[in-house]
Amino acid sequence: MQVVRSHQSHRSFSSSSGSVSASPTLPLYRSAPELEVRLEDFESFAIDRLRVLKGISDGLSRGKKPDEMEKLVNELWKTNMRHQDSSQVPNKDIISHFVLRLVYCRTEELRKWFLSMESALFRHRFRNQTAEAQRAIMEEFDLPCKAVSNAEFESLKEKLGQVARSIGHNLSLSTTDAIYYKVPFEEVPELVTGRKVFINQGYAYVAMNQVVSLVATIFRSLLSKALILTNRKWATSIREQEQHRLTPIVEALCSSYLGPDFSQPKEYGEISLKDIDQVAKSSFPLCMRHLFEKLREDHHLKHAGRMQLGLFLKGVGLNVDDSLAFWREEFSKKVGLEKFEKEYAYNIRHNYGKEGKKTDYTPYSCQKIILSTPGVGDHHGCPYRHFGEENLRAALSRMGVNSRAMEDVMGKVRNRDYQLACTLTFEALHAAPCDAGINHPNQYFSDSQRLLKAKKDSST
Ligand code: SF4
């Protein structure tokens with residue numbers, strides 16, 4: 001792939017197997033196509049695909065059923081992977097996949113996540129192909145399977161029927177409708193362990209509607225190898241060659257936050273100083289509640305904590321004067337008024353774009369907070385990630401999370417699904433679903449305020 005500046009035209013590209021735009025089938029991403037990509041498409045296509053993959057990841061972590069996942073993936077794909085020029089959709093698909101390979105090849109953890117999400121997406125898309133397109137993909141993958149002959153099918157019909165019935169499928173008894181493939185059984189571990197196939201003399205007999213498992217296994221294994229190779233190329237040449245252009249984009253993409261920036265207070269986000277203690281209790285997520293309580297207790301926070309809480313408060317609508325009054329009230333108890341004005345007030349005005357470069361800084365997303373690395377004496381970070389189990393349980397219980405919800409939350413923490421743990425906490429405390437999941441502390445706040453206001457309105 002060749003990345004070009006935006007003034008150069010963006011033309012269709014062809015892969016080794018012909019024009020991508022003309023290909024009606026699911027791309028297999030076997031090799032990077034020869035193409036020119038505009039720099040802004042390089043990033044924006046990748047962000048759109050990332051929205052799809054993150055949506056799949058959320059759906060899976062929330063335990064959605066197969067039919068719910070089917071609907072979800074359809075919607076995610078339709079919403080994010082469209083293009084104003086519909087003939088460019090296949091190009092967008094391939095470009096975004098290869099850009100994300102670069103982004104997610106760089107560590108074991110990133111590779112694992114990308115592999116799982118791309119495989120889930122591939123499975124879903126394969127299932128939606130016509131039988132003919134599915135067969136074409138199987139041929140392209142050169143799958144180690146042979147079609148079962150009519151004579152063999154007749155001789156095994158009864159056994160195949162028993163297995164099909166045991167997994168709730170109906171086997172067509174007509175030799176013309178029933179298509180089976182013989183595959184060395186080690187090629188379909190998922191079907192074998194789930195006892196979903198008939199096995200005879202080292203072969204698994206895979207029905208056409210189960211072929212997805214076989215194809216997905218091959219897809220996954222090819223992608224896994226490709227990611228290792230891409231990582232090698234990235235580390236030995238691309239990172240250095242592209243250090244001023246693509247490298248910063250690639251390195252930022254895997255931790256990018258894809259929602260609104262919350263730099264301006266939202267509809268339910270206006271708070272004033274007199275309400276702050278009460279709203280901290282009712283509507284701050286645990287990360288901010290912890291910082292807020294520590295500030296009230298110690299009358300001090302280190303720089304990273306001041307930034308995390310200060311920008312959050314700005315996002316929920318505390319204006320610069322109220323913010324100064326708030327920090328002054330606490331810090332002056334510890335460091336004195338003079339030192340506060342000299343050493344701390346500047347930074348607070350700076351966050352509001354009133355000093356220095358006059359940049360209007362945006363509140364931190366969950367991604368950014370979760371990836372921070374608090375040291376001893378620091379209180380910033382995400383408690384679901386950075387607290388020990390005992391401390392986290394105590395903090396959740398102080399918030400009012402009951403013991404049943406607590407176990408669900410702790411389960412998600414053990415799986416390192418920190419944002420999902422926070423979402424379950426939100427749902428337990430507000431007795432309401434939060435389908436979009438928590439992605440930003442300011443989103444937690446505004447969703448909470450919206451629900452509390454709706455409750456108040458309905459009771460008056
Ligand atoms: S998941 Fe996000 S909002 Fe929740 S505690 Fe962690 S950083 Fe804060």
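The values are calculated or read from the model by the stated rules, or taken from the named source; none is laboratory data. Here the structure is a predicted model, which is why all the values come from computation and not from measurement. FYI the Cβ positions are ideal-geometry reconstructions off the backbone, even for glycines, and counts take in every protein chain you see.
Below is a table of values for the structure above.
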| quantity | calculated |
| --- | --- |
| Where a residue in segment 160-188 is within 13 Å of N209 (Cβ to Cβ) and assigned to a loop (DSSP other than H, G, I, E, B) and its partner, wherever it lies, is at pLDDT below 75 and hydroxyl-bearing (S, T, Y), with Cβ under 6 Å and at least six apart | A178/S172 |
| Any hit, segment 363-372, residues being of a type in the set (G, A, S) and free of Cβ contacts under 8 Å to residues at least 12 places away in the same chain | no |
| So N347, is it surrounded by 14 or more Cβ atoms within 10 Å (Cβ to Cβ) and farther than 27 Å from S448 by Cβ | yes |
| Filter result for L53 (assigned by TED's automatic domain parsing to the domain that holds S119, at pLDDT 85 or above and assigned to a loop (DSSP other than H, G, I, E, B)) | no |
| Residue within segment 338-359 that is closer than 30 Å to E251 by Cβ, touching a residue at least 40 places away in the same chain (Cβ under 8 Å) and within 16 Å of the ligand (Cβ to nearest atom) present | no |
| Enumeration of residues in segment 400-455 that are more than 9 Å from the ligand (Cβ to nearest atom), assigned to a loop (DSSP other than H, G, I, E, B) and not charged (D, E, K, R) | G400, V401, N402, N415, A431, A432, P433, C434, A436, G437 |
| Failed criterion for T107 (all others in (1) out of contact with any Pro (no Cβ under 7 Å at 6 or more places or on another chain); (2) within 28 Å of V37 (Cβ to Cβ); (3) surrounded by 15 or more Cβ atoms within 10 Å (Cβ to Cβ) hold) | (3) |
| Those helices (runs of 4 or more DSSP H) lying entirely in segment 340-398 with at least 1 residues more than 18 Å from Q419 (Cβ to Cβ) and in the same structural domain as L291 (by TED's automatic domain parsing) | 345-351 |
| Cβ pairs under 7 Å, 6+ apart, first in segment 440-451 and surrounded by fewer than 23 Cβ atoms within 10 Å (Cβ to Cβ), second of a type in the set (K, R) | S446/K266 |
| Qualifying residue in segment 132-143 (condition: assigned to a helix (DSSP H, G or I), within 30 Å of E251 (Cβ to Cβ) and touching a Phe, Trp or Tyr at 6+ places or on another chain (Cβ under 8 Å)) | no |
| Residue list for segment 296-325, restricted to those being in contact (Cβ under 8 Å) with a residue 60 or more places away in the chain, surrounded by fewer than 20 Cβ atoms within 10 Å (Cβ to Cβ) and farther than 14 Å from P363 by Cα | K302 |
| Total residues in segment 195-234, condition touching a residue at least 24 places away in the same chain (Cβ under 8 Å), on the phi < 0 side of the Ramachandran plot and out of contact with any Cys (no Cβ under 9 Å at 6 or more places or on another chain) | 19 |
